[in-house]
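The values are calculated or read from the model by the stated rules, or taken from the named source; none is laboratory data. Everything numeric in this text was worked out from a predicted model, so none of it was measured. Neighbour counts run over all protein chains shown; Cβ positions are idealised from the backbone, glycine included.
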Amino acid sequence: LKAALPGSTFLLNSMYGPDEVWQHLPRHIQEQLISKKIKFYVIDAYKVGTATGMGGRVNTIMQTCFFAISGVLPKDVAIESIKKSIKKTYGKKGDQIVQQNYQAVDATIANLHEVKVPATASSTITMPPVVPNTAPEFIKSVTAQIIAGFGDDLPVSKMPVDGTFPTGTTQWEKRNIALEIPVWDPVTCIQCNKCAMVCPHAAIRTKVYDAALLPKAPATFKGVDYKGPEYKGMKYTVQVAPEDCTGCELCVDVCPAKNKSEVRLKAINMAAQPPIRETEHANFNFFLGLPEADRTTVKVDSVKGAQFLQPLFEFSGACSGCGETPYVKLVSQLFGDRTIVANATGCSSIYG
């Protein structure tokens, strides 16, 4: 809220309702809302999207919120204009899509709530750092400032002298945007590694490792016996990076394994992210510490084998469910740091 002027209006998309969202705000956010006398509104846009068949597409919902509270146009005029725009934009996709968007607009108004701002701040929550304290100095002093929106304030003296920019910075940029993340069922899993292969962001990975390493794992870490003869006696794990996953569900779609007890379930199933974020964060950190596979023992000419190799293209800014990045990731796995990329501009210039 640094840029907010006194008397501004603040809209928050949150899973918490108007009676509980205040207690989940960091203290310095509460203090700014109070001192600047900001009008505070909240909506659970993803809940509205799910209820109206829109899924995770909340652009229509948030646009409706903007016009409903900004006063740019009278509310009724704004709603009518939005619906005309929906008809024009989505008309060719069929009446069902148009009606879903109409329903989303109407449901938005019903689920948009003003939050009463108390006179004093009560939160004990502090805003976490933009990047972990363990990040390299350049990441903390430059990259973190860019992520936080203060890139224009960086002096030239902060830039590398030769103009080059460090690579591999996405490992420190935890976007934390998925509402749901995949959870691995080791009993149902057939260890095909297709989930890791299809993941656009290298956020779900597999490893085989010595069983002697498991006693050091967090209590919630999952590891089972590897089923193939090539790594006999070793353990196998599928692990998700909870703060890097975008929730696209491609891993669930591609999973061929079926749970024999509950046919609707597979070896990979989606679950709400917030309740398991901390445990999966600890699990992923332990997973990263496990030794990478010896490339001389890996059958790189198979999907399964290739996914035991470390991806050097990870956590990109590509759209959720991207169809391009799995290929780039696979190239980085197959050829490692010997790879040289000659790139034409396009999506690959942005997410790369």
Requested in this report: Starting from the stretch 97-125, take each residue that is outside the structural domain of Ala45 (by TED's automatic domain parsing) and among the acidic types (Asp, Glu) and list its partners that are assigned to a helix (DSSP H, G or I) and buried (at least 17 other Cβ atoms within 10 Å of the Cβ), counting only C-beta distances under 6 angstrom and pairs at least six apart or across chains.
Outcome: none
Query raised in the report: Do you know which of the residues in the stretch 98-153 that are surrounded by fewer than 18 Cβ atoms within 10 Å (Cβ to Cβ) and among the small types (Gly, Ala, Ser) is nearest to His28 (Cα to Cα)?
Result: Ser123
Query raised in the report: Can Thr206 be described as touching a residue at least 12 places away in the same chain (Cβ under 8 Å), surrounded by 15 or more Cβ atoms within 10 Å (Cβ to Cβ), under 24 Å from Leu179 (Cα atoms) and among the hydroxyl-bearing types (Ser, Thr, Tyr)?
Result: yes
Requested in this report: Evaluate the stretch 52-60: report whether one residue or more is over 16 Å from Thr9 (Cα atoms), surrounded by fewer than 19 Cβ atoms within 10 Å (Cβ to Cβ) and in contact (Cβ under 8 Å) with a residue 24 or more places away in the chain.
Outcome: yes
Query raised in the report: Can you name the residue in the stretch 232-248 that is in contact (Cβ under 8 Å) with a residue 40 or more places away in the chain, in contact with a strand residue (DSSP E or B) (Cβ under 6 Å, 6 or more places away or on another chain) and not in a strand (DSSP E or B) and is also surrounded by the fewest Cβ atoms within 10 Å (Cβ to Cβ) among such residues?
Result: Gly247
Requested in this report: Please work out if Pro160 is of a type outside the set (Ser, Thr, Tyr), within 21 Å of Gly352 (Cα to Cα), exposed (fewer than 12 other Cβ atoms within 10 Å of the Cβ) and in contact (Cβ under 8 Å) with a residue 24 or more places away in the chain.
Outcome: no
Report task. Say whether the condition of being part of a loop (DSSP other than H, G, I, E, B), of a type in the set (A, V, I, L, M, F, W, C) and either farther than 21 Å from Arg175 by Cα or at pLDDT 95 or above (or both) is met by at least one residue in the stretch 268-284. Result -> no
Requested in this report: Identify the residue in the stretch 47-74 that is part of a helix (DSSP H, G or I) and of a type in the set (Ser, Thr, Tyr) and, among all such residues, is farthest from the chain's Cα centre (by Cα).
Outcome: Ser70
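To keep it simple, each residue is scored yes or no on (1) β-branched (Val, Ile, Thr); (2) under 30 Å from Asn13 (Cβ atoms); (3) part of a helix (DSSP H, G or I).
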| residue | (1), (2), (3) |
| --- | --- |
| Gln96 | no, yes, yes |
| Gln103 | no, yes, yes |
| Ala107 | no, yes, yes |
| Thr124 | yes, yes, no |
| Met127 | no, yes, no |
| Lys140 | no, yes, yes |
| Thr167 | yes, no, no |
| Asn176 | no, yes, no |
Query raised in the report: Does the stretch 75-82 contain at least one residue that is outside any helix (DSSP H, G or I) and either more than 24 Å from Leu179 (Cα to Cα) or not assigned by TED's automatic domain parsing to the domain that holds Gly149 (or both)?
Result: no
Query raised in the report: Can you name every residue in the stretch 249-267 that is assigned to a strand (DSSP E or B) and either surrounded by fewer than 21 Cβ atoms within 10 Å (Cβ to Cβ) or among the polar types (S, T, N, Q) (or both)?
Result: Lys258
Query raised in the report: Taking the stretch 109-167 as the region of interest, how many residues are among the polar types (S, T, N, Q) and under 21 Å from Ile38 (Cα atoms)?
Result: 6
Report task. Would you please list the contacts, defined by Cβ atoms under 6 Å and residues six or more apart or on different chains, that run from a residue in the stretch 304-326 that is without any contact (Cβ under 8 Å) to a residue 24 or more places away in the chain and assigned by TED's automatic domain parsing to the domain that holds Pro200 to a residue that is surrounded by 21 or more Cβ atoms within 10 Å (Cβ to Cβ) and of a type outside the set (A, V, I, L, M, F, W, C)? Result -> none
